[in-house]
Amino acid sequence: MNKTRKITCIVCPLGCEGEVRLDQEGNVTTDGFTCKRGLSYAREELTAPKRMLTTTVRVAGGDRLLPVVSDRPLPKDKIRECARLLTAVTVEAPVAEGQVICPDILGLGVNIIASREIKGAAG
Amino acid sequence: MFEAEYDVVIVGGGPAGMAAAVGAAQNGAERIALIERDDELGGILQQCIHNGFGLHRFGEELTGPQYAGRFIRQVAEYPNIEVFLDTTVLEVTPEKQVYTVNPQRGIGRFQAKAVVLAMGCRERSRGAIAIPGHRPAGVFTAGTAQRMVNREGYLPGKRVVILGSGDIGLIMARRLTLEGAEVAAVLEIMPYSNGLTRNIVQCLEDFDIPLYLSHTVTAVKGAARVTEVTCAAVDEELKPIPGTEFAIACDCLLLSVGLIPENELSRSLGIEFDRRTGGPVVDQTRQTSAAGFFAAGNVLHVHDLVDWVSAESETAGRSAARYARGLRAAAGRLVRVEAGSGVRVVVPQRIDCAAAGEYIELYCRVASPERNLTLALTAGGRTLFAQRLPLAKPSEMATLKVPKDCLGENPPEAITLVVKHADRGEEI
């Protein structure tokens, strides 16, 4: 499969714009990136792009939501599905920061964790 | 009436106030009051649930609540920092009395030896940018929408147009999309985005949300609720070009059109203000033109990274503690720092030579995006100090570490920061 994409690097504020190509043998070639970190970012963007997910879940009996974050980046094409799944989750207070809210989401090997503490009752 | 005396009173318990409190505690202030009107510390960070905070400060990417959590725990480590929640400051007097109101204690009066102003900033509103048209429901600032979605659990609309490509607007485009709303377009009046490249890529391109540069909203339509906005391209003077109008159907318009330092309380102090930043004029210790009053964070100038808010506020807290303890030297020669050609703002606006350490850090914003530039500090046509940068954008604050020695034995009255281009033959 041949794939070509223009990519704006986000590794540093310079924001290099380059092109990444994947040929039929699976070789990746690039143009326009000026550092090693940029090159590896560009390759990953073409072959297996990943993103962090941040969203919220409900707290039983609470009037505020609990913000959550993935403990590692997720495949980009699973982000919406993961966010959708988390809309159905409700947790009980108290919650500790870092507590696992949804282990191994969609079997992707990534945990969704609480990004803050919620105290009991009054919380 | 509740009355108490403190070495340092800090107005505002967001990232600036928390760091100022820690800075004051670490530098020998004995009694510190941290006053916050919300029911918890953390300020705006608590609704900024996305990640990307703390890369400079902690060497890792945290979410807003995680970043706030680190400082909340740090504040709790110091028994001499007293936190007053649900407490609104009504007035700060030139005699350093801070009047407050709280549902339990009623009216309070805090007598301070030093005051740190850390009230943050507010969003520019529809009125502030004068968008014509009807006045229906469904028009919000991006930060208000962020609070609704991330803390209270409501969607501000189902089909949304966002005016302004500042970071809050971009972040909300992704957030609303993930929550099931449709973001029809983001419009930016400037020919470039005011947001971080990372946010353009991950918040718009990832979700195929169109960004219209050099476009604005010229009218809002709808009786009870927004039904449509009229958009148009703008010319070089940012005026809408007749004939380019088109309509986008939507039930919600979000405004991400800039932030203004919140200085309602500081106005009554009679201190000097900088028209460009919208905040007080300060020296490198973050002391305002009134001795013993300090300012830090977004109340002083709008930052793009919280990491620099924390660093600046620790400086202000440290300076306030020194002032309260009577350790601050009498003011030395004051050198004015001015924003010259190509520079929009520079902070601090004064250097107090008596209080200066080996280096003075200048925070600045350029007036337009530039590559291969030199930031030069000049006085009377002479360059005192210069630093090359590969890139600078108005949306990303640049920092300049200036050795005090470059001011010389007999410092000039004023120095000017300018942008120069070596490759355009400009002398540096």
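Here's how it looks for residue B:252: its modeled amide H is under 5 Å from those of B:159, B:161, which are all 5 or more places away or on a different chain. Rounded to the nearest whole Hz, the Karplus-based 3J(HN,Hα) values (6.51 cos²θ - 1.76 cosθ + 1.60, θ = phi - 60°) of segment A:36-51 follow the sequence 5, 5, x, 4, 6, 4, 4, 4, 5, 4, 7, 8, 8, x, 10, 9, with x at glycine and proline. Remark on segment B:276-362: Rg and Dmax equal 12.5, 40 Å (Cα only). Scattering from segment B:1-102 was approximated by placing one identical point on each alpha carbon and applying the Debye formula without solvent; log10 I(q)/I(0) at 0.13, 0.14, 0.15, 0.23 1/Å stands at -0.48, -0.55, -0.62, -1.20.
Exposure proxy for A:53, B:253: other Cβ atoms within 10 Å of each Cβ, ordered fewest to most, give A:53, B:253.
Normalised by the empirical 2.2 N^0.38 Å for globular proteins, what value does the Cα Rg of the protein assembly as shown take?
Details: Rg = 24.6 Å, N = 551, 2.2 N^0.38 = 24.2 Å.
Rg over 2.2 N^0.38 Å, computed on Cα atoms: 1.01.
Going from the fewest other Cβ atoms within 10 Å to the most, the residues A:116, B:135, B:333 appear in the order B:135, B:333, A:116. Residues B:119, A:52, B:18, B:1, ranked from the fewest to the most other C-beta atoms within 10 Å, line up as B:1, A:52, B:119, B:18.
Neighbouring Cβ atoms from other chains, within 10 Å of the Cβ of residues in B:389-396, number 2 on average.
Dipole orientation for the protein assembly as shown: of the candidates B:129, B:299, B:19, B:129 has the Cα lying most toward the positive pole (charges on Cβ; Lys, Arg +1; Asp, Glu -1).
Assuming R0 = 35 Å, can you tell me the calculated FRET efficiency for the pair residue A:100 and residue A:44, based on Cβ-Cβ distance, to the nearest 0.05? Don't jump to the answer; show the numbers that get you there.
Working: r = 26 Å, r/R0 = 0.74.
Result of the calculation: an efficiency of 0.85.
Note that segment B:341-348 has calculated 3J(HN,Hα) couplings of 4, x, 10, 7, 9, 9, 9, x Hz, one per residue in order, obtained from phi through the Karplus relation 6.51 cos²θ - 1.76 cosθ + 1.60 (θ = phi - 60°); glycine and proline are x. Once the Kirkwood radius over Cα pairs is known for segment B:351-428, the Stokes-Einstein relation at 25 °C and 0.890 mPa s delivers a diffusion coefficient of 185 µm²/s. With each label modelled as a point 7 angstrom along the Cα→C-beta vector, the residue A:34-residue B:122 pair spans 4.2 nm. Amide H to amide H distances under 5 Å link residue B:333 with B:353, B:354, where only residues 5 or more positions off or on other chains count and H is placed in the peptide plane.
Per-residue mean of foreign Cβ neighbours for B:172-181 is 3 (Cβ atoms of other chains, 10 Å radius).
Oblate is the label for chain B, because a/c, from the alpha-carbon gyration tensor with a ≥ b ≥ c as root eigenvalues, is 1.5 or above and a/b does not exceed b/c. Amide hydrogen proximity for residue B:218: with H placed 1.01 Å from N in the peptide plane, the residues at 5 or more positions away or on another chain lying under 5 Å are B:230, B:231, B:232. Taking only alpha carbon atoms, segment B:141-248 gives an Rg to Rh ratio of 0.97, where Rh is the Kirkwood radius. Computed on chain A, the Cα convex hull volume stands at 126 Å³ per residue.
Hey, what did chain A get for relative contact order, percent, Cα under 8 Å, at least 6 apart? Please report the intermediate quantities before stating the final value.
Working: 228 pairs, mean separation 21.9, N = 123.
18 percent.
Going by a ≥ b ≥ c, the root eigenvalues of the Cα gyration tensor, does segment B:96-177 fall in the rounded group (a/c under 1.5), the prolate group (a/b larger than b/c) or the oblate group?
Details: a/c = 2.42, a/b = 2.18, b/c = 1.11.
Taking the square roots of the gyration eigenvalues as a ≥ b ≥ c, segment B:96-177 is prolate.
Toward the positive end of the charge dipole of the protein assembly as shown, with +1 on the Cβ of Lys and Arg and -1 on the Cβ of Asp and Glu, the farthest Cα among A:60, B:319, B:419 is that of A:60. Of the residues B:389, B:234, B:284, the one whose Cα sits farthest toward the positive end of the charge dipole of the protein assembly as shown, with +1 on the Cβ of Lys and Arg and -1 on the Cβ of Asp and Glu, is B:234. Taking θ as phi - 60° and the Karplus parameters 6.51, -1.76 and 1.60, the scalar couplings of segment B:295-312 work out to 9, 7, x, 6, 5, 8, 7, 6, 8, 9, 10, 5, 3, 6, 4, 4, 5, 5 Hz in sequence order, x denoting glycine and proline. Here the dipole of chain B is about 400 debye; that uses its Cα centre as origin and unit charges on the Cβ of Lys and Arg (positive) and Asp and Glu (negative).
Every number in this text was worked out from the coordinates using simple rules, so none of it is lab data. Not measured: the values here are computed from a predicted model. Please note: Cβ atoms are built from the backbone with ideal geometry, for glycine as well, and neighbour counts cover all protein chains shown.
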